[in-house]
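Engineer: The following block contains the structure, expressed as structure tokens.
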Amino acid sequence: MTHAFDRQYWDEIWQGDRALAMGAGAPNPHLLREVADLPPGTALDAGCGAGAEAIWLAERGWRVTGADIATAALDRAAERAAGRGVAGQVEWVLADLSVWDPGTRFDLVTTHYAHPAMPQLEFYDRAASWVAPGGTLLIVGHLHQAADSDGHGHDGSHGHGHGGDAPPAAASATAAGITRRLDRAEWDVVTAQESRRVPDGHDGPGVTLHDVVVRATRRR
Ligand SMILES: C[S@@+](CC[C@H](N)C(=O)[O-])C[C@H]1O[C@@H](n2cnc3c(N)ncnc32)[C@H](O)[C@@H]1O
């Protein structure tokens, strides 16, 4: 890895050339599929970026907190939410998820490709700790793959699929790696999936995203 995924890095990303493309995306298809059968309640989108997922949840009746470390991302998200008429249903919070304490628990905690400057699985532990009893954890992340498994290396660049570079290994995880940390006395794992997809639109032609998706329900 040639840089730290710190506030300065993300501020520069969200103020730079890639921000327009990253901020224009459709909500993540894994979220749409996994959340479809859940009754709306409170939700946290951890590392919400420009808010596509948080706004989608708000439009379906969830009361959403969107947290991100980058002010420019949250500004863009708030603007989009206002444009969609759901400004009142989403609270945008400037927060460093590696140290933040939300002070409450949520019926749904979801995160899509967020990787703070801390070990990835420890970040997912933190996200899990924010789920209320009976609530759902939905992790959508970069799938960890061997560098030579398909010709995509982990070269330390960082396109998140928004430009074609593979993410570095340190920002990635596997389904087994994530589910291993969920105590089965406390969690029911509903989905543990690794997949590839070619996103529509802004990611550009020829971009394949390698995703890991874990959904688990915290027992009451
Ligand atoms: C790859 S982007 C994904 C954004 C959005 N979830 C999506 O799927 O389009 C990762 C997001 O995590 C945010 N992020 C990274 N480190 C963070 C941290 N320590 N605390 C809060 N947000 C963070 C970044 O600012 C960025 O918006």
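The values are calculated or read from the model by the stated rules, or taken from the named source; none is laboratory data. Owing to the predicted nature of the structure, the values given are computational and were not obtained by experimental measurement. For neighbour counting, all protein chains shown are included, and Cβ atoms are generated from backbone atoms with ideal geometry for every residue, glycine included. Just so you know, the surface numbers come from the protein's heavy atoms only, side chains and all, with ligands and any DNA or RNA stripped out. Shrake-Rupley method; radii C 1.70, N 1.55, O 1.52, S 1.80 Å.
Engineer: For E91, what residues show an amide H to amide H distance below 5 Å, using hydrogens built from the backbone and excluding near sequence neighbours?
Structural biologist: Under 5 Å from the amide H of E91 lie the amide H atoms of V64, T65, G66, each far enough along the sequence or on another chain.
Engineer: If amide H atoms are built 1.01 Å from N in the plane of the peptide, which residues on other chains or at least 5 residues away come under 5 Å of the amide H of W187?
Structural biologist: R219
Engineer: Ok, one more. Helix-derived [θ] at 222 nm for the chain: sum -39500 (n - 2.57) over DSSP H runs of at least 4, divide by residue count, nearest 500?
Structural biologist: Taken over the chain, the calculation gives -7000 deg cm²/dmol.
Engineer: Sorting check: for 126-136, 189-199, which peptide has the highest mean count of neighbouring beta carbons within 10 Å, and how do the rest follow?
Structural biologist: Taking the mean over residues of other Cβ atoms within 10 Å, the ranking is 126-136, 189-199.
Engineer: With only Lys, Arg, Asp and Glu charged, each at its Cβ (+1 for the first two, -1 for the last two), find how big the charge dipole of the chain is about the Cα centre; round to the nearest 20 debye.
Structural biologist: 720 debye
Engineer: Once the Cα atoms of the stretch 7-218 are picked out, what are the Rg and Dmax in Å?
Structural biologist: Rg then Dmax for the stretch 7-218, in Å: 16.0, 47.
Engineer: Let me ask something additional. Under 12 Å from the Cβ of W92, count the other residues' Cβ atoms, weight Lys and Arg +1, Asp and Glu -1, and hand me the total.
Structural biologist: Counting the neighbours of W92, the net charge comes to -3.
Engineer: Rounded to the nearest whole Å², what accessible area per residue is found for the chain with the 1.4 Å probe?
Structural biologist: Per residue, the chain has 44 Å² of solvent-accessible surface.
Engineer: Output the antiparallel fraction of DSSP beta bridges having both residues in the stretch 7-218, as a percent to the nearest 5.
Structural biologist: 45 percent
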